[in-house]
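Down below is the structure, laid out as structure tokens.
What follows draws every value from the coordinates through simple rules; no lab data is involved. Just so it is clear, the model here is predicted, and its values are computed rather than measured. Cβ coordinates were reconstructed from backbone atoms using ideal geometry, including for glycine residues, and neighbour counts include every protein chain displayed.
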Amino acid sequence: MKLVSYKTEDREHLGVYINGHIFNLHSLNKAIPDEMTAFLQGGEELMERAKQIDADIKAGKLEVREEIFFELLPPVPHPTSCRDGYAFRQHVAAARRNRGVPMIPEFDQYPIFYFTNHNAVQGSGEIECMPDHFQKLDFELEVAVVIGKKGRNIKAAEADEYIAGFMIMNDMSARTLQMEEMLLNLGPAKGKDFSTVIGPWLVTPDELEKFKVPAKTGHVGANYNLDMKCWVNGVQVSQGNVADMDWTFAEIIERCAYGADILPGDVIGSGTVGTGCFLELNGTGKLNNPDYKEQWLNDGDVVEMEITGLGILSNTIKAVETDFSILGLKKK
């Protein structure tokens, strides 16, 4: 099942996406809330009701009216929190190699994550960027999960049961802001808090069952053979696979939930896949060719991400017309 959040006449709604059409769930079963967070809080009972409606529509058992005029929102418009992990060893190793530092052994000892701005989550469409964001503006190709039930001190062996679904994530990054603040061993913060893109819909785990593969040796939890690709202005720049994750979502959830509650509506990203951002691509390019020309995102650029089974997430970069700069406020 593919769940979507959308807006009509300034009201948010919850629907299912079937063969290019959106159908409102609440209109077909009044027990299902017309909003994603409340729906997730309803747990497995509401999820099963929605799956039955989805199945009945696909089987032609229901007379339904599709939505015609709508604005597609991020699948979870108001996440209870948003974390991002660091699951792909290839990306971490390449980024460190490009900086001339060895691979850090702690990567293989435990998964890590950081909290980002859950109020800056958005879906397909324009990404508004301030002037300082364009100082090395970057995309990051990732996959994300949404938590479907409350839990605490969860073991990795049971953690997949807490996943309501999967989405594409573009963890937008303003690299100059990010690198400056991380010199102080804190962050990322302003380099990340302006936009995290998720979408286009939330895909329930049963739809990905046919893509399931074993976790890497020594790891616990489900993994999936899903191709990951990114294009900028129609030119493919990234290629990876969800199966390349070293740390599984189950292991990341185990760490997230240690001594803390995870809640329905929490969003957790995987971290960047290998080749999944310009920071890594530019570093590798310059390492191989001193004359390599760096590439970063600019006003008007179109970023398209595709993951097998999860759809296509498309965004256009838009510059905000202002001369306000926080980089310009630095003390001399």
When the chain is fully extended, how far beyond the present Cα-Cα distance does Arg11 get from Lys150, taking 0.36 nm per residue of separation?
-> 47.3 nm
If each part is reduced to its alpha-carbon centroid, region 23-38 and region 174-241 end up apart, in Å, by 29 Å
Counting residues in the chain as N, plug N into 2.2 N^0.38 Å and put the Cα Rg over that result.
-> 1.00
Low-density loop cleavage sites - trypsin sites (Lys or Arg not before Pro) in region 263-322, where at most 16 other Cβ are within 10 Å (DSSP) = Lys293
Is the shape of region 1-121 rounded, prolate or oblate, going by the alpha carbon gyration tensor and its root eigenvalues a ≥ b ≥ c, with a/c under 1.5 for rounded and a/b larger than b/c for prolate?
-> prolate
Using a/c under 1.5 as the rounded threshold, could you call region 2-72 rounded, prolate or oblate? The axes a ≥ b ≥ c are square roots of the C-alpha gyration tensor eigenvalues, and prolate needs a/b larger than b/c, oblate otherwise.
-> oblate
Which length gain, in nm to one decimal place, applies between Arg97 and Tyr258 when the Cα-Cα distance is subtracted from 0.36 nm times their residue separation?
-> 54.8 nm
Cα→Cβ-extended label distance, 7 Å offset, between Thr308 and Lys332, nm | 5.7 nm
Rounded to the nearest 20 Debye, what is the dipole magnitude of region 81-323 about its Cα centre when Lys and Arg each give +1 and Asp and Glu each give -1 at the C-beta?
-> 580 debye
Added length on full extension, which subtracts the Cα-Cα distance from 0.36 nm per residue, Glu321 to Lys58 | 90.1 nm
Given the Cα atoms of region 89-212, and with Rh set as the inverse mean 1/r over their pairs in the Kirkwood sense, what is Rg to Rh to two decimals?
-> 0.99
Residues of region 1-38 with amide N under 20 Å of the 7 Å Cα→Cβ point at Phe211 = 1-5, 16-21
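At 222 nm, what helix-only mean residue ellipticity would the chain give, in deg cm²/dmol to the nearest 500, using -39500 (n - 2.57) for each DSSP H run of four or more?
Numbers: 7 runs with 63 residues, N = 332.
About -5500 deg cm²/dmol.
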Of Lys7/Lys212; Lys210/Lys286; Lys30/Lys212; Lys30/Lys229; Lys61/Lys212; Lys190/Lys331, those spanning more than 28 Å from alpha-carbon to alpha-carbon | Lys7/Lys212; Lys210/Lys286; Lys30/Lys212; Lys30/Lys229; Lys61/Lys212
